[in-house]
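Enquirer: Here you go, one structure.
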Amino acid sequence: MTVYAELDEILRELSTTAHRILGDNFVGAYLQGSFALGDADRESDCDFLIPVHRPITPTQEAALRVLHDEIPTREGYWNRRLEGSYPLLSELRTLDGLGRDWLYIDNGWREMQWSAHCNTEVVRWTLREYGVTLAGPDPKSLVDVVPAEVLRARMRADIPQLLPGLATWISIELAWGQRYAVTTLCRMLHTLADGRISSKRAALLWAIDTLDPEWSGLCRRALDGRALGWDPEDTADSGEVQRTVAFAAFATATATARD
């Protein structure tokens, strides 16, 4: 499944236990995100989807909450990197289901919530085109094609809101937040250009090679700094923050110019 034996063991347990809890309501278990697109590393979240045929019952929900409350308490690393949802298959299949809340566990959290976090065009595209099957049928049989123009439209809407949205949970004055902003903008611009979803590394390399050289140093430093990971004491250079704000303005101009 992955190059990490510890993660593979956790994923096998997650799939098996979820199947036992859900019974014939279980459709399958899949990876999307970085571990599906490639280039995942130790700084990546492990994004999963476990679709269900019918709405999750109160008994099933209670058992899943117990499972996800316990997993992060274990010794280890990858048990605190799981993030994913339990979508209703009928809502996952088409874009008509966008915005519906699914039972969701955030990266490193113990308490599940009902959220639309994973209910996006990007997640559907990634699952259909690159999803890794842990159990169940081919993901192409579960999700309809997501057209390239739908992805581009999502990027046009999301790019102008990236920095305001980030400000609600992370500051770009922290080095991790600054690198995350640059990386996410590169991914969005790559999707806007090519109509597909790429990994963080692939998007940064594309930006370095394709965008105006004015931005290549900023993108290169975001790529090289990824291995540094999260450090709440590591503040971003003020010049990097200013360049990141300018890069966001460039991305917004690029997105709105294509409307």
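The values are calculated or read from the model by the stated rules, or taken from the named source; none is laboratory data. Here the structure is a predicted model, which is why all the values come from computation and not from measurement. All Cβ positions, even for glycine, are placed from backbone atoms using ideal geometry, and neighbour counts span all protein chains on display. To get the accessible areas, we keep the full protein, side chains included, count just its heavy atoms, and leave off ligands, DNA and RNA. Shrake-Rupley method; radii C 1.70, N 1.55, O 1.52, S 1.80 Å.
Enquirer: Could you pull out the residue among R128, R124 that is open to solvent by 20 Å² or more (accessible area, probe 1.4 Å), over 28 Å from T73 (Cα atoms) and without any contact (Cβ under 8 Å) to a residue 60 or more places away in the chain? Full working, then the answer.
Expert: Details: R124 fails: open to solvent by 20 Å² or more (accessible area, probe 1.4 Å).
When all the criteria are applied, what remains is R128.
Enquirer: Continuing with this model, one more query. Quick one: F26 ticks every box in (1) in contact with a His (Cβ under 6 Å, 6 or more places away or on another chain); (2) closer than 28 Å to L223 by Cβ except a single one, so which number is it?
Expert: Single failed check for F26: (2).
Enquirer: Determine which member of the set R65, R42 is open to solvent by 60 Å² or more (accessible area, probe 1.4 Å) and either in a helix (DSSP H, G or I) or in contact with a strand residue (DSSP E or B) (Cβ under 6 Å, 6 or more places away or on another chain) (or both). Talk me through it step by step, then tell me what you get.
Expert: On the way: R42 fails: either in a helix (DSSP H, G or I) or in contact with a strand residue (DSSP E or B) (Cβ under 6 Å, 6 or more places away or on another chain) (or both).
Answer to the check: R65.
Enquirer: Would you confirm whether any residue within region 110-122 is closer than 20 Å to I197 by Cβ and assigned to a helix (DSSP H, G or I)? Working first, answer last.
Expert: From region 110-122, those closer than 20 Å to I197 by Cβ are 116-122; that's our starting set.
Right, trim to assigned to a helix (DSSP H, G or I) and you get 121-122.
The answer is yes; a qualifying residue exists.
Enquirer: Taking region 85-112, which residues are of a type outside the set (V, I, T), in contact (Cβ under 8 Å) with a residue 40 or more places away in the chain, surrounded by fewer than 18 Cβ atoms within 10 Å (Cβ to Cβ) and under 24 Å from K140 (Cβ atoms)?
Expert: Passing the criteria: L89, R93, L95.
Enquirer: Here's another thing I want to ask about it. Could you grab me the full set of residues in region 1-32 that are within 17 Å of the chain's Cα centre (by Cα) and either modelled with pLDDT under 95 or exposed (fewer than 14 other Cβ atoms within 10 Å of the Cβ) (or both)?
Expert: Passing the criteria: only T2.
Enquirer: May I pose another question? Determine, yes or no, whether A181 is modelled with pLDDT of 95 or more and either surrounded by fewer than 16 Cβ atoms within 10 Å (Cβ to Cβ) or touching a Lys or Arg at 6+ places or on another chain (Cβ under 7 Å) (or both). Even if it seems obvious, please write down each step before you answer.
Expert: Numbers: modelled with pLDDT of 95 or more: yes; either surrounded by fewer than 16 Cβ atoms within 10 Å (Cβ to Cβ) or touching a Lys or Arg at 6+ places or on another chain (Cβ under 7 Å) (or both): no.
Judged against the criteria, A181 is not a match.
Enquirer: Within region 205-241, track down each residue that is assigned to a helix (DSSP H, G or I), open to solvent by 40 Å² or more (accessible area, probe 1.4 Å) and not hydrophobic (A, V, I, L, M, F, W, C).
Expert: Quick first cut of region 205-241, residues assigned to a helix (DSSP H, G or I) only: 205-210, 213-224, 226-228, 238-241.
With the extra rule that they be open to solvent by 40 Å² or more (accessible area, probe 1.4 Å), the set shrinks to 205-206, 209-210, 213-214, 220-221, 224, 226-228, 238.
Correct list: D209, T210, P213, E214, R220, R221, D224, R226, S238.
Enquirer: Right, here's the next one. Quick one: R187 ticks every box in (1) in contact with a Leu (Cβ under 9 Å, 6 or more places away or on another chain); (2) open to solvent by 50 Å² or more (accessible area, probe 1.4 Å); (3) outside any helix (DSSP H, G or I) bar one, so which box is it?
Expert: Single failed check for R187: (3).
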